[in-house]
Every structure is written in structure tokens, then in C-alpha cells.
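The values are calculated or read from the model by the stated rules, or taken from the named source; none is laboratory data. Quick caveat, the model's predicted, so the values are computed rather than measured. Please note: Cβ atoms are built from the backbone with ideal geometry, for glycine as well, and neighbour counts cover all protein chains shown.
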Amino acid sequence: MKKLFYTIAAALAILLTACSFFNKEEKTEYGTCFCEVTLTGGSGKATVESPAEVVTSESGNTVKLVWSSSNYDYMLVDDVRYDNEAEANANSVFTIPFDSFNEPFTVIGDTTAMSTPHEIEYELTVFSEGKGTSVQEKKGSTVGNKSEAKNEDGSFGDLSFVSSYSLDYAREYSVDFYVDSDNNEYAAITIGSGDSKQCFLKPMNGAHERPKGVSDDIKYLPDISKTYLVSTSVMDMVCQIDALKSIALSGTKARDWYISDAKAAMKSGKIIYAGKYSAPDYELLLSSGCNFAIENTMIYHNPEVKEKLEEIGIPVMVERSSYEEKPLGRLEWIKLYGILFDKQDVAEAYFNQQVARVDKIGQLQSTGKKVAFFSVNSNGQIIVRKPKDYIATMISMAGGHYVPDDISVTEDNALSTMKITTEDFYIRALEADVLIYNSTIEGEIESLDELIALEQSLGDFKAIKQKNVYCLREGYFQKSTNVAEFIEELNEILEGSFDTGDCFIRLRE
């Protein structure tokens, strides 16, 4: 009897399990939807579009990945290869399988962006219920419907959203493209966020009237052919994209430019000095027909100047490239100026060229050598870069190790430098393999004796004794596009092959 009871119980358990299984299967929804996707790993610069198209069927799940780059030629999932489905020069596309929603899994992407193909490991997660959009909703979207997602408050009037501009590194600006009913294209530019947020609208195919319904908070830029350029770091980018003819006025005098084209243009009278950021010559700006001003964040110390410029009809853009944490993020602002000055293709080509050069250096192994980057101010204080500053990052990218890297940042400001005691610098940089003197504020020095005269204790340093000391050239910080040059030359210094360059000079005895 007892045996019969257990037999019946076992049968019931099997039946209930089967029922549970089939009920579960009946609830499974097969078909196509769009789900949120996250990608981590690699250098952090590559992304995939999210939400992504997901297909669920009896044979399993697949997700269609659209990359932010066109340089991926294949992916590996569980050692199975999946080739790029996109057309030539289009962003890479792959349809790959995955087992479970909400569970991260490892994939490998092969990139051809570097001099030789390179496999990079990533972690991918596809999210399920509550994170997806039905395929009907997605396919039913039109340009006008997309506009509603980007234009919920009606700031852009009747303009229809088309797409967002892809940025790999920069985080302090964004660009979205819109069209009007006549198919005229506009670039909507956003810089900063919160109280410092700035919005601009630039027609992309010729100057025409401001579109109806666009918010008054959005500055319209139909013509910027007579720009007043105050931010010195922008000039190099403007020159690199061959847009110097759009600069009519400068906030820097000819003698203070280290950009040869800018200096020559001012000496020839093609660009006129119109006063520094805090004291512009308003009458000259008006008589010259100035129609745009590019400032840096120093203008916020004199808000009345910005207000006055806007009052007399000159739209002001405050660029924030100095707030970018990544060196290539700063450089990626060249794309913004490409859009503004109708040189988008030139800007993108230059940027991609610089990235390729940096990636090539990135393939090399770290030298393990310590590099100190510093200056001595007029009060005898040591000035160093903050550990997470972009200069410290470029030192790492060149194969070095920045010191001092363990200094706590006590100054709550946007400056990339900080003051430390001579004792702190001595302890942390005494054994540095390379010393680099920052000439930005106090000017260039040429010899080891000049450096030791600034601070006697430097004579004890390993790099001084081994005569491995360099000075950053005085005009470097105006040359904002020299990211690859800095990294390449510093790598040569670390490898012992440096002779001469545009960024550094070796101190003589």
C-alpha cells in the first residue's frame, strides 16, 4: 500500500511539473521587439545602439547590434564567428545569439581601426520585460514621431528630429540634426548642462530665416563668417579645418599667438584685435559686423560682458573643452567646429587620423617609467597636474606612469592643476625616471641649472642626475590638436629615442 502511494505521488509530481513547463511555454512571447542593451569593456569609446532589435523564437534569441564605428569586421560568440552585415563605410552591424535576458555575456569584436586588426573583449547585456519597445511601435515611427521624443517641450517648433551625431569621447557637447518641411537641415547644438546649458541652432545648407516656433532660448546662427574668437584653444582647431577665413576678430594680440597662421593673419590685417575677454571693444565689434563670439569659461568671471555682447546682437558660445576628462574628448571638439564652419568632413578626417595614431601607440606595452609633470611658480611653490587630469592620462597613454598620483585633491574647482608642498613633491617624484617642466605660466627654461635655481632640492632627483629632464614648449597649450604628437614624442622620450619635436625640448646641462 505504501509503495502504491509513493508511485502515485511521483506520477502526480511529474504531471504537475509537465503542466508547469507547458504553461510557461504558452506564456512565452515569440516575435521581434526592441530592448535596451549595455556594452562594457575595451577602451570604453565603442558603443552599440540601444534599444536594439531582438528576435525571440523556438530556436533561441538573437540581438542585432549596430556599432558606433565602421571598423568592426567580425564578432565571436562562444568561439563562433559572425561577420559584419553592413555595407562598406557604414557602421558595423552584427546579428548574434544570446541565451538569457538580463544576464551579461562575453563577446569579442575584431577592430581594424588600428594598424593591425585587434580582438577586444566586451561584456554585453540584453534587458527584457519593461525595457523593450514592440517592433510595431519602432517600425511605426516616422521622422515626425522621432521629433516628438527630442522635441517634447516644443523648443524646436515644427522641426522634425532626424538623428543624433555620434561622439566617441566628448561629453560636454552634443549635436542633433533636424529638418523642416522643405527638407532644410539644421544642427541643434547643446553645450554643458544644468545652469550652464547652452543651446544653438545652425542651418546646414545655407543661411535662411529662423524657423518658426523655435524657442527664444535657442540662439540661431545663420551666419558666423565674422567670428570674434576669444578662446585661444579653439584657434588651432579652426586652422586645422581650414576655417580661418571665418575668424574676423581676436581676443589675443598677434605677438601672443603661437599658431603661425593666426599670427600671420593678424599681421596682415585679416584678423583684427578686438580686446581681451574682459574688455572687448564693442564699437569695433559692431563696426566690423561681428556675428558670433566664442569664449571660454573665463567669461563667467565677467558676466556683464557676455550680457552686453548678446544685448548688441552678438550670440555668445562658451566652449567647455577644458572640462573633458579624456584627451581625445578635448580633441573631438574639432568636430563641433567642423559643423559650425561647414567643414565637417575635414574635421572628422583629422580627428580620425589623430585617433589612429594614438591607437597605434596604445598597442605598445607600458614602459613602467615614472614621469613627473610640474612647474615652480614665482612664490617657489610646486604646481602639478591633478592625478586624473588629461595630461596625466596622456602620460599613461604614452607608456608612462604619472607621479604624484596619490595626492588628494582638496581644491574644489575646475582647474587641472594644484599646489603641493616641496616636501610632498620630493617624496613622490624623487625617483621619477623623467621630469617634464611645464612652461605654460612661468615660461620656458633651457638648462638643468635654470631648473635647480628655481628649487635647490631638485638637484637630488634621479632624473636630474641622469639628465632626463625636458621642458614643454611654451606654445603647446594653444596647439590643442597636438594630442598624437604629445603622446608620440613622450613615448620616444620613455624609449630613449627622442631627438627633437614640436612639444618638448631637452634641457641642456
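State all residues of region 322-337 that are farther than 14 Å from Asn482 by Cα and either buried (at least 23 other Cβ atoms within 10 Å of the Cβ) or free of Cβ contacts under 8 Å to residues at least 40 places away in the same chain (or both); if no residue qualifies, say none.
Lys335, Leu336
Take Tyr258 and tell me if it is buried (at least 20 other Cβ atoms within 10 Å of the Cβ), outside any helix (DSSP H, G or I) and touching a Gly at 6+ places or on another chain (Cβ under 8 Å).
no
Go through the residues of region 386-395 one by one and say whether even a single one is touching a residue at least 60 places away in the same chain (Cβ under 8 Å), among the polar types (S, T, N, Q) and closer than 20 Å to Phe504 by Cα.
Yes, the conditions are met somewhere in region 386-395.
Hey, could you check region 77-101 for residues that are over 28 Å from the mean Cα position of the chain (by Cα) and closer than 15 Å to Leu39 by Cβ and say which is surrounded by the fewest Cβ atoms within 10 Å (Cβ to Cβ)?
Out of the qualifying residues, it is Val77.
Assuming Glu431 fulfils every condition listed in (1) in contact with a Phe, Trp or Tyr (Cβ under 9 Å, 6 or more places away or on another chain); (2) surrounded by 15 or more Cβ atoms within 10 Å (Cβ to Cβ); (3) of a type outside the set (Phe, Trp, Tyr) apart from one, which condition is it?
For Glu431, the failing item is (2).
Report the residue count in region 368-408 for those that are in a helix (DSSP H, G or I) and under 19 Å from Ala463 (Cβ atoms).
5
Quick check, is Phe94 at pLDDT 60 or above, of a type in the set (Phe, Trp, Tyr) and part of a loop (DSSP other than H, G, I, E, B)?
Details: at pLDDT 60 or above: yes; of a type in the set (Phe, Trp, Tyr): yes; part of a loop (DSSP other than H, G, I, E, B): no.
In short, no.
With assigned by TED's automatic domain parsing to the domain that holds Leu331, at positive phi, crowded, with 16+ Cβ neighbours inside 10 Å and in a loop (DSSP other than H, G, I, E, B) as the only criterion, which of Gly289, Gly275, Gly269 stands out?
Gly275
Name the residue that is farthest from the chain's Cα centre (by Cα), counting only residues in region 424-443 that are farther than 21 Å from Glu492 by Cα and part of a loop (DSSP other than H, G, I, E, B).
So the residue we want is Leu430.
Out of Thr440, Thr417, Thr481, Thr410, report the one residue that is under 30 Å from Tyr300 (Cα atoms), among the hydroxyl-bearing types (Ser, Thr, Tyr) and modelled with pLDDT of 95 or more.
Result of the check over Thr440, Thr417, Thr481, Thr410: Thr481.
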